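Accompanying notes for the structure given below.
The values are calculated or read from the model by the stated rules, or taken from the named source; none is laboratory data. Since the structure is predicted, the reported quantities are computational estimates derived from the model, not experimental observations. Note: ideal-geometry Cβ built from the backbone for every residue, glycine included; neighbour counts use all protein chains shown.
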Amino acid sequence: EAPEPAASGMVEEGGLVKTGWMGLELRVLRFLPKARERWDFEERPAPTPLTTSAVKIQFQGKSHWLLLNDTVRLFTDNTAYLVSYLNRRIDLGFPIKLDHFEMIPYEGTQRAKEYKSMVEFPTLGQIEISMNEPGVYQGLTFYQASFQNDEMGRPIASVFSVNHDPGRWLKYLGSLVMSLGVVALFWLRKVYWPPIPPEDQK
């Protein structure tokens, strides 16, 4: 549920808007009613820490770039093509249903402080998945990763990160063995290397 805005109305170009949070103010520098978002791409021989993956498509003599999770529509005289560059999709093997999503903002702002989802799993029923409490089902761990808003700032999608770690028990076993080793080290030290009495130290 999105919080109610502190104020609403029209603002003039160049005017100041008081946000009501920490004394911050917002100034509208320019209003562009017909602005269009544009991306510039540059091919590099090797990736850098700032590199974003993209795909270049040649179609009818024209180049089209696709960012990750982007889609482009290509047309001929009688055919339309829909080309997407997406993350790999893996079938979980079971359906899940999002019943409810809640976002709790910081007081006086619309910035998310906490968000959680009520998700329904087969045979398990409805469970709550939050930022600090993941859900587990059939060996998969579901983490509340983020959410998406619409143009009005209202949440429209809940985003989860799904993790499958078949070797997790090995990590716990290794931690247990290491802890037991530390305890045994201190115990064996007292047994095999007892402290020297003060009179023997002279």
For segment 99-108, indicate whether the set of residues that are exposed (fewer than 10 other Cβ atoms within 10 Å of the Cβ) and at pLDDT below 90 is non-empty. yes
Filter result (of a type in the set (S, T, N, Q) and closer than 21 Å to ASP91 by Cα) within segment 121-136: THR123, GLN126
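For (1) modelled with pLDDT of 85 or more; (2) under 25 Å from ILE90 (Cβ atoms); (3) basic (Lys, Arg), each residue gets a yes or a no:
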site: LYS116; (1), (2), (3): yes, yes, yes
site: VAL119; (1), (2), (3): yes, yes, no
site: GLN138; (1), (2), (3): yes, yes, no
site: VAL162; (1), (2), (3): yes, yes, no
site: ASP165; (1), (2), (3): no, yes, no
site: ALA184; (1), (2), (3): no, no, no
site: LYS190; (1), (2), (3): no, no, yes
site: GLU199; (1), (2), (3): no, no, no
Every residue in segment 12-28 that is small (Gly, Ala, Ser) and either loosely packed, with under 10 Cβ neighbours inside 10 Å or touching a Phe, Trp or Tyr at 6+ places or on another chain (Cβ under 9 Å) (or both), please. GLY23
Given the criterion under 30 Å from GLU107 (Cα atoms) and among the aromatic types (Phe, Trp, Tyr), identify the matching residue among PHE31, PHE75, PHE59, PHE41. PHE31
Of all residues making up segment 126-152, the number that are of a type outside the set (A, V, I, L, M) and loosely packed, with under 12 Cβ neighbours inside 10 Å: 7
Please tell me if GLY9 is more than 30 Å from LYS56 (Cβ to Cβ), out of contact with any Phe, Trp or Tyr (no Cβ under 9 Å at 6 or more places or on another chain) and surrounded by 10 or more Cβ atoms within 10 Å (Cβ to Cβ). no
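Scan segment 64-76 and tell me whether some residue there is more than 27 Å from the chain's Cα centre (by Cα), under 25 Å from ASN149 (Cα atoms), at pLDDT 85 or above and loosely packed, with under 10 Cβ neighbours inside 10 Å.
Within segment 64-76 (the criterion being more than 27 Å from the chain's Cα centre (by Cα), under 25 Å from ASN149 (Cα atoms), at pLDDT 85 or above and loosely packed, with under 10 Cβ neighbours inside 10 Å), the answer is yes, since at least one residue qualifies.
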Qualifying residues in segment 32-63 (those that are touching a Leu at 6+ places or on another chain (Cβ under 7 Å) and surrounded by 11 or more Cβ atoms within 10 Å (Cβ to Cβ)) - the one farthest from ARG89 (Cα to Cα): PHE59
Filtering strands (runs of 3 or more DSSP E) wholly in segment 12-98 for at least 2 residues that are among the hydroxyl-bearing types (Ser, Thr, Tyr) gives 80-85
